[in-house]
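Enquirer: Next up is a structure, given as structure tokens.
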Amino acid sequence: MKNLKIPNTPKTPGINFNSSSGNFSISGISVPENSKGFYEPIITWLKEYVKFPRESTKIEFKLSYVNTSSLQFIYDLLMLLDGLNCDSSKVSVDWFHLEEDIDMQEMGEDFREAINVEFNFFTVENV
């Protein structure tokens, strides 16, 4: 399976999903004009990955802003990964946010409550 790499733009996050290592990252800002058009290929790729996942999968979120239309797609990504979390495959989420960005912190906390995977929070100076 090929890795998925999408460079960030002023309106879309950078995507770096490495199928060999099981390390994924989403970073930047997520305010695409067409959230479905942007996230649909990512969801499709992830659906293929979950068929033959690595023993350990880690996804890092380093987002500075997420619009409302992107939230559902991020939730969908997390739900796909939540389905992997079992005895044979472990999933963890690292959620990075600025110390003063309570909204992003609370968004991560809401996602943590919705899924059953290890969820780690990191306060950083830059995302």
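Values quoted throughout were computed directly from the atomic coordinates according to the rules given, and no laboratory measurement underlies them. Please read all numbers here as calculations on a predicted model, not as lab measurements. Positions of Cβ are generated from backbone atoms using ideal geometry, with glycine treated the same way; all protein chains shown enter the neighbour counts.
Enquirer: With r defined as the distance between the Cβ atoms of VAL50 and ASP110 and R0 fixed at 22 Å, what FRET efficiency is calculated, to the nearest 0.05?
Expert: Details: r = 23 Å, r/R0 = 1.02.
After rounding, the FRET efficiency stands at 0.45.
Enquirer: By count of other Cβ within 10 Å, fewest leading, how are MET107, MET1 ordered?
Expert: Details: MET107 18, MET1 11.
Starting with the residue having the fewest Cβ neighbours, the order is MET1, MET107.
Enquirer: Could you tell me what percent of the DSSP beta bridges with both partners in the chain are antiparallel, to the nearest 5?
Expert: 30 percent
Enquirer: If each residue's Cβ is checked for other Cβ atoms within 10 Å, how do VAL124, VAL117 rank with the fewest at the top?
Expert: Numbers: VAL124 11, VAL117 19.
By the 10 Å Cβ count, ascending, the order reads VAL124, VAL117.
Enquirer: Now a separate question. Any lysines with Cα under 29 Å of the LYS51 Cα? List them, leaving off those in the same chain fewer than 8 positions away.
Expert: Leaving aside lysines fewer than 8 places away in the same chain, those within reach of LYS51 are LYS2, LYS5, LYS36, LYS62, LYS90.
Enquirer: Rounded if a/c is under 1.5, else prolate if a/b is larger than b/c, else oblate: which is the chain, with a ≥ b ≥ c the root eigenvalues of its Cα gyration tensor?
Expert: Working: a/c = 1.64, a/b = 1.21, b/c = 1.35.
Oblate.
Enquirer: Does region 77-127 come out rounded, prolate or oblate, given a ≥ b ≥ c as the square roots of the eigenvalues of its C-alpha gyration tensor, rounded meaning a/c under 1.5 and, failing that, prolate meaning a/b above b/c? Walk me through the intermediate numbers first.
Expert: Details: a/c = 3.26, a/b = 2.15, b/c = 1.52.
Verdict is prolate for region 77-127.
Enquirer: Hey, another quick one. VAL93: net charge of surrounding residues, Cβ under 13 Å, Lys/Arg +1, Asp/Glu -1, itself excluded?
Expert: On the way: positive: LYS58, LYS62, LYS90, ARG112; negative: GLU60, ASP82, ASP94, GLU109, ASP110, GLU113, GLU118.
Its environment carries a net charge of -3.
Enquirer: Around PRO32, under 12 Å between beta carbons, what's the net of Lys plus Arg minus Asp minus Glu among the other residues?
Expert: Values: positive: LYS11, LYS36; negative: GLU33, GLU40.
Net of charged neighbours comes to 0.
Enquirer: Moving on. By the scheme Lys and Arg +1, Asp and Glu -1, what is the net charge of all other residues having a beta-carbon under 15 Å from that of ASN18? Display every interim value, and only then the final one.
Expert: Values: positive: LYS2, LYS5, ARG54, LYS58; negative: GLU48, GLU55, GLU60, ASP94.
Result for the neighbourhood of ASN18: 0.
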